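The block underneath contains the structure these notes are about, expressed in structure tokens.
Every read-out reported here was derived from the displayed coordinates using simple, explicitly stated rules and does not represent laboratory data. Keep in mind the model is a prediction, meaning the values are calculated, not measured. Ideal geometry is used to build each Cβ from the backbone, glycine not excepted, and the neighbour counts take in all protein chains shown.
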Amino acid sequence: MSLNSNFFKILYRLTLPGGLLVLISVMLIKTGALADPDSPLVRYLPVGVFAIGLGLSGFFRRSRLFFAILTLALADLMVTWVAPTVPDNAGHAMVNAAALLLPINLLVMAFVRERGIVSPAGRKRLAIGAVQIIVVGILCLPVAAQAAGFLERPFVPAIFSGWSRLSQPALLGFVLCAAVMTVLLIRRYRAVESSLFWALISSFIAFRMGSGHSLAGIFFATGGLAMIVAAIETSYSMAYLDELTQLPSRRALNEALLKLPETFTLAMLDVDHFKKFNDTFGHESGDQALRMVASRLARIAGGGKAYRYGGEEFAVVFPNKPAEEVFVYLDRMRKIIEQSTFVVRGKDRRRGVRGAGRGGKKETSVTVSIGVASSSDDYPAPAEVLRIADQALYKAKARGRNCTVTAKNGKTIRPVETGMRILSMS
């Protein structure tokens, strides 16, 4: 992958879709559409966004998004509704505490797993949130004024933080959490982590506006909108992307087959002796092998697109291409997979058996068998072509595996084998 391609890929991960939402919010405020702080739309838009976000994340069972949106809603409540109605010292302490706790909570949500909302883990998270609210309430009391003072104690010259209008501890929290989230997104894009990052950015803008500023709620709502988009995106991914390999799933394949032109080629690919591999190295290593194969197939040339068909089987679709044209790409991919090695750990080491030591690690590889079939006058339907490709795959297995077999018009096989273990059917 070229340097420019990597740059634009990282740029996409860091800017879309959350960055676009923040930009739209700024433009709507600048143009006057959301500039009136007394407008019911401005004051109650965050309430609607948070309600929709909590409902969608609960419906799709996205607990991380649910608790992150709840955190934003509480921050908005404190900053735009409660802080202006209490004495100045209490309001100041409330905003400082919220500005310090919010980035920490969002960062935690970037690392925890989906554990349910009403599950024991979900109830524990609710309890932790309740404790934080109680702590913020205590810090607002006159007797806790000294403790509240630590929330805004400077540790560097004010010239470095004055622009932010945040206390230095809160600013440090935002900067550190943003840095960690940026690293996460550069390494791998995930919709939830991206929404958390942009919720952090939009919340920073909201806190910078200060307590009582109605437009601050617009930016808290923008963070909520980013999470709503993430909830929809993750639900789509669950339906159309395979969770293990990140390739399009069988449902996506079925829809792609309906849109194929008259000429197309389908390939079925199976990992050789996969059950034996699982028995030898364990299911975790088996998953690792599938991810490796999927990562190679995702970069197949010739205009092909790979799909996870199920188990250890994959499918590759080549629109507008005959089998003779795509054969070279498929067999080249077979060789690439054969030559790709990865490190697995023996089952004894994985289970913590003593004495396994470094010998528990082993470098290994897998091979694949491929069956190929193209559309024809006799077999124009994608489902029929897929069946013929599957038959060619079984012929490849019967011929010793680690080979590519092309079926022509679904006729009976008469294999022709070369020194490269390439078979054809005629």
**Prompt:** Hey, fewest Cβ within 10 Å first, where do Thr364, Thr245, Thr80 land in order?
**Reply:** Thr364, Thr245, Thr80
**Message:** Which of the three applies to region 3-240, rounded, prolate or oblate, going by the alpha-carbon gyration tensor with a ≥ b ≥ c and a/c under 1.5 meaning rounded?
**Reply:** rounded
**Request:** State to the nearest 20 debye the size of the charge dipole of the chain about its Cα centre, where the only charges are +1 on K and R beta carbons and -1 on D and E beta carbons.
**Result:** 1560 debye
**Message:** Counting only Cα atoms, I'd like the Rg/Rh figure for region 237-356, Kirkwood definition for Rh.
**Reply:** 1.05
**Prompt:** Rounded to the nearest 20 Debye, what is the dipole magnitude of region 1-92 about its Cα centre when Lys and Arg each give +1 and Asp and Glu each give -1 at the C-beta?
**Reply:** 580 debye
**Charge dipole magnitude, Cβ of K and R +1, D and E -1 - region 3-240, Cα centre, debye nearest 20** = 840 debye
**Asked** How high is the relative contact order of the chain, in percent, with contacts defined as C-alpha pairs under 8 Å that are six or more residues apart?
**Response** 13 percent
**Request:** Take peptides 253-261, 383-391 and line them up by average Cβ neighbours within 10 Å, highest first, as a rough protection proxy.
**Result:** 383-391, 253-261
**Label assignment, semi-axes √(5λ) of the Cα gyration tensor in Å derived from the structure, set (1) 47, 26, 18; (2) 54, 25, 18; (3) 121, 36, 17** = (2)
**Complete:** Highest mean packing first, using Cβ neighbours within 10 angstrom, the peptides 32-41, 333-342, 200-209 sort as 200-209, 333-342, 32-41
**Max mean-square fluctuation residue, GNM over the chain, Cα-Cα springs under 10 Å, options Phe160, Phe150, Phe66** = Phe160
**Asked** Taking Cα pairs under 8 Å and at least six residues apart, what relative contact order does region 3-240 come out at, in percent?
**Response** 32 percent
**Estimated 222 nm signal from helices in the chain, with DSSP H stretches of n ≥ 4 weighted -39500 (n - 2.57), rounded to 500** = -19000 deg cm²/dmol
**Fill in**
The value for region 139-225 (convex hull of the alpha-carbon atoms, volume per residue, Å³) is 116 Å³
**Request:** Among Pro142, Leu225, Met78, pick out the residue whose Cα is farthest towards the positive end of the charge dipole of region 3-240, where Lys and Arg carry +1 and Asp and Glu carry -1 on C-beta, about the Cα centre.
**Result:** Leu225
**Sequence of Ile69, Ile104 once ranked by neighbouring C-beta atoms within 10 Å, starting from the fewest** = Ile104, Ile69
**Request:** Taking the Cβ of each residue in Ile29, Ile228, Ile186 as the centre, tally the other Cβ atoms inside 10 Å and list the residues starting with the fewest.
**Result:** Ile186, Ile29, Ile228
**Prompt:** Using the alpha-carbon atoms, what tilt in degrees (0 to 90, nearest 10) does helix 214-240 show relative to the longest principal axis of the chain?
**Reply:** 20 degrees
**Asked** If you average 1/r over all unlike Cα pairs in region 1-102 and invert the result, what Kirkwood radius do you get in angstrom?
**Response** 16.4 Å
